[in-house]
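The structure appears right after this line, and notes come after that.
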Amino acid sequence: VNFKESADGQTVTAVFDLEGVKKEDMHVSFHSKRITITWKTATFDEYEEEGTMVREREEKQFSRTIPLPEDTKFEEVRAFKEGGRLVLHYPNMRCVR
């Protein structure tokens with residue numbers, strides 16, 4: 001995750017590099033004092049072992065939680081997918097409200 005503060009210090013942009021993760025495998029949830037981002041990846045392997053075809057699936061789930069300033073409103077948080085990246089904009093904790 002890369003974080004960048006806006007020039008005026010009012011907002012923070014968080015960029016998650018999620019190359020290869022489908023949009024339907026990502027979820028952003030808003031809670032009163034935090035944003036939780038979850039995503040999953042799956043890899044498949046197929047090979048033959050002693051005359052039997054073997055298929056393996058490995059699935060991994062990830063989660064990141066970002067604290068928000070108290071009284072942050074849902075409308076103040078924006079999230080969008082841009083290529084292989086998930087971009088979040090949210091109020092800065094250090095900003096005086």
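Counting only heavy atoms of the protein chains and using a 1.4 Å probe, Lys22 has close to 120 Å² of accessible surface. Note on Thr36 and Val15: the extension gain reaches 6.2 nm, defined as 0.36 nm multiplied by sequence separation minus the Cα-Cα distance.
Around Arg55, with a cut-off of 10 angstrom between Cβ atoms, what is the net charge of the other residues, counting Lys and Arg +1 and Asp and Glu -1? Net of charged neighbours comes to -2. Val12 sits with roughly 20 Å² accessible to a 1.4 Å probe, with DNA, RNA and ligands left out of the calculation. First compute the accessible area of the chain with a 1.4 Å probe, then give the percent of it belonging to carbon and sulfur atoms. Percent of accessible area from carbon and sulfur atoms in the chain: 47.
Database remark: amide H of Ile35 closer than 5 angstrom to the amide H of Ile66, Leu68 (H placed geometrically; neighbours at sequence offset of 5 or more, or on other chains; Pro and chain starts carry no H). For Arg57, the solvent-accessible surface with a 1.4 Å probe is about 140 Å², rounded to the nearest 10. Debye-formula intensities of the chain, expressed as log10 I(q)/I(0) at q = 0.24 Å⁻¹, are -1.25 (one equal scatterer per alpha-carbon, no solvent).
The lysine pair count for the chain, using Cα distances under 14 Å and pairs eight or more places apart or on different chains, is 7. The 3J(HN,Hα) values that the Karplus relation (6.51, -1.76, 1.60; θ = phi - 60°) gives for region 17-34 are, in residue order, 8, 10, 4, x, 8, 6, 4, 6, 9, 10, 8, 10, 10, 9, 10, 4, 10, 6 Hz. Gly and Pro appear as x. In the Gaussian network model of the chain, springs joining C-alpha atoms below 10 Å, which of Glu50, Glu58, Glu19 carries the largest mean-square fluctuation? Comparing Glu50, Glu58, Glu19 in a Gaussian network model of the chain, the most mobile one is Glu50. Note on the chain: with a GNM built from Cα contacts shorter than 10 Å, the maximum mean-square fluctuation among Glu76, Glu49, Glu59 falls on Glu49. With a simple spin-label model that places each label point 7 Å from the Cα along the Cα-to-Cβ direction, the separation between Gln61 and Phe74 comes to 2.3 nm.
Converting phi to 3J(HN,Hα) with the Karplus coefficients 6.51, -1.76 and 1.60 and the offset θ = phi - 60°, region 40-47 yields 9, 10, 9, 10, 10, 9, 10, 7 Hz in sequence order, with x at every glycine or proline. Remark: region 69-82, residue by residue, has Karplus-estimated 3J(HN,Hα) of x, 4, 6, 5, 8, 3, 5, 7, 10, 10, 9, 8, 9, 10 Hz, where x stands for each Gly or Pro and the curve is 6.51 cos²θ - 1.76 cosθ + 1.60 at θ = phi - 60°. Taking amide hydrogens as placed 1.01 Å from N in the peptide plane, the amide H of Leu18 sits under 5 Å from those of Arg85, Leu86, each at least 5 positions away in sequence or on another chain. Dividing the mean sequence gap of close Cα pairs (under 8 Å, 6+ apart) by how many residues the chain holds gives a relative contact order of 32 percent.
Among Ala79, Ala42, Ala14, the largest mean-square fluctuation in a Gaussian network model of the chain (Cα springs under 10 Å) belongs to Ala42.
Using a probe radius of 1.4 Å on heavy atoms only, what accessible surface per residue do you get for the chain? Whole Å² is fine.
75
The values are calculated or read from the model by the stated rules, or taken from the named source; none is laboratory data. Predicted model, so just to flag it, every value in this text is computed and none were measured. All Cβ positions, even for glycine, are placed from backbone atoms using ideal geometry, and neighbour counts span all protein chains on display. These area figures cover heavy atoms from the full protein model, side chains too; ligands, DNA and RNA do not enter into them. Shrake-Rupley method; radii C 1.70, N 1.55, O 1.52, S 1.80 Å.
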